[in-house]
1. Could you count how many residues in the range 65-84 are assigned to a loop (DSSP other than H, G, I, E, B) and either within 16 Å of residue 15 (Cα to Cα) or touching a strand residue (DSSP E or B) at 6+ places or on another chain (Cβ under 8 Å) (or both)?
2. With 43, 4 as the choices, which residue is farther than 19 Å from residue 81 by Cα, surrounded by fewer than 16 Cβ atoms within 10 Å (Cβ to Cβ) and modelled with pLDDT under 90?
3. Pairs under 6 Å by beta carbon, first residue on the phi < 0 side of the Ramachandran plot and assigned to a strand (DSSP E or B) in the range 23-52, partner at pLDDT below 95 and open to solvent by 60 Å² or more (accessible area, probe 1.4 Å), six or more apart or different chains?
4. Quick check on my filter: what residues within the range 83-92 are open to solvent by 40 Å² or more (accessible area, probe 1.4 Å) and touching a Gly at 6+ places or on another chain (Cβ under 8 Å)?
5. Mind listing whichever residues of the range 23-39 are over 11 Å from residue 81 (Cβ atoms) and either surrounded by 15 or more Cβ atoms within 10 Å (Cβ to Cβ) or among the charged types (D, E, K, R) (or both)?
6. Scan the range 58-71 for residues that are in contact (Cβ under 8 Å) with a residue 12 or more places away in the chain and open to solvent by 50 Å² or more (accessible area, probe 1.4 Å) and report the count.
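The values are calculated or read from the model by the stated rules, or taken from the named source; none is laboratory data. Everything numeric in this text was worked out from a predicted model, so none of it was measured. Ideal geometry is used to build each Cβ from the backbone, glycine not excepted, and the neighbour counts take in all protein chains shown. With ligands, DNA and RNA removed, areas are computed over all heavy atoms of the protein, side chains included. Shrake-Rupley method; radii C 1.70, N 1.55, O 1.52, S 1.80 Å.
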Amino acid sequence: MSENRYRSNKIKQEHTILSDIFPFLEEIAMMKTVKSIIPGRINRRKGSGIQAYLQLKYKTASGIKLLGKTSSSIQEVFVVTDNQDKTIENLKLKEFIK
């Protein structure tokens, strides 16, 4: 089996990941319904002094899209799953998404 230098567990790490949301992604990666996590682009936002959190945006053809929000940035996060509803339910149970 070849090793993929851009993956750690189920998290693709080819690009930067906001350090404040990385612990959330590591826990989400442990969910049985999750196949892969692909962090996307990072955008700036006005600082508001909030704690990092994840927000559910919508379902996609391959899973769900989340936004990881920190006081100064927003990062798109794509979660690949065959069972979107169960994954969303698990995220809500663990209070990962608002």
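1. 2
2. Answer to the check: 4.
3. Listed by first residue and then by second, the contacts come to 38/12.
4. 84
5. Once the filter is applied, which keeps residues that are over 11 Å from residue 81 (Cβ atoms) and either surrounded by 15 or more Cβ atoms within 10 Å (Cβ to Cβ) or among the charged types (D, E, K, R) (or both), the range 23-39 yields 24, 25, 26, 27, 29, 38, 39.
6. Summing the residues that are in contact (Cβ under 8 Å) with a residue 12 or more places away in the chain and open to solvent by 50 Å² or more (accessible area, probe 1.4 Å) in the range 58-71 gives 2.
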